[in-house]
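Engineer: Got a structure for you, questions after.
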Amino acid sequence: MNAGDFLTEAKATIQDRGMEYGHPTDNMQRTARLLSAYLEVPIMDYQVAGIMVLVKLARSMESPKVDTYLDLCAYGAIMGTLHTQEDELYV
């Protein structure tokens, strides 16, 4: 796959997962609240997406798979959207 293919597939992944798990904003905000309560420190929604990027990077060190890199692109896009205050994540 080339870079454009990864980005195209990542876009489709965001849309597909949104249909399955709900809007990424809702999911990241819910996870941020849970992490904040568990860790007893404030966690922002965009930080959750950043944590997921780190999880995917760690996985890529063990077993480089296409879906890992697709998820990296998708979580990076979600993080950027959340951190720059854009409301519409479905691209």
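The values are calculated or read from the model by the stated rules, or taken from the named source; none is laboratory data. Please read these numbers as outputs of a predicted model, since none were measured by experiment. Cβ atoms come from the backbone with ideal geometry, glycine included; neighbour counts cover every protein chain shown.
Engineer: Give just the number: which of (1) exposed (fewer than 11 other Cβ atoms within 10 Å of the Cβ); (2) touching a helix residue (DSSP H, G or I) at 6+ places or on another chain (Cβ under 6 Å) does E40 not satisfy?
Structural biologist: Among (1) exposed (fewer than 11 other Cβ atoms within 10 Å of the Cβ); (2) touching a helix residue (DSSP H, G or I) at 6+ places or on another chain (Cβ under 6 Å), E40 violates only (2).
Engineer: Which of the residues spanning region 29-81 are in a helix (DSSP H, G or I) and hydroxyl-bearing (S, T, Y)? Step through it out loud before you land on a result.
Structural biologist: Here is the first cut: in region 29-81, the ones in a helix (DSSP H, G or I) are 29-39, 45-62, 66-81.
Matches in region 29-81: T31, S36, Y38, Y46, S60, T68, Y69, Y75, T81.
Engineer: Can you find a residue in region 48-63 that is at pLDDT below 90 and out of contact with any helix residue (DSSP H, G or I) (no Cβ under 6 Å at 6 or more places or on another chain)? So that I can check it myself, show each step before the final result.
Structural biologist: Taking region 48-63 as the starting set, the residues that turn out to be at pLDDT below 90 are 63.
Now narrow it down to the ones that are out of contact with any helix residue (DSSP H, G or I) (no Cβ under 6 Å at 6 or more places or on another chain): 63.
Yes, some residue in region 48-63 is at pLDDT below 90 and out of contact with any helix residue (DSSP H, G or I) (no Cβ under 6 Å at 6 or more places or on another chain).
Engineer: Right, next: Kindly indicate which of P42, P64 is under 18 Å from E9 (Cβ atoms) and either touching a residue at least 60 places away in the same chain (Cβ under 8 Å) or more than 14 Å from the chain's Cα centre (by Cα) (or both). Don't jump to the end; show me each part of the working.
Structural biologist: Values: P42 fails: under 18 Å from E9 (Cβ atoms).
Step by step, each of P42, P64 is checked, and only P64 is under 18 Å from E9 (Cβ atoms) and either touching a residue at least 60 places away in the same chain (Cβ under 8 Å) or more than 14 Å from the chain's Cα centre (by Cα) (or both).
Engineer: For residues that are more than 14 Å from G76 (Cα to Cα) and in contact (Cβ under 8 Å) with a residue 40 or more places away in the chain, scanning just region 1-37, find the one that is surrounded by the fewest Cβ atoms within 10 Å (Cβ to Cβ).
Structural biologist: M1
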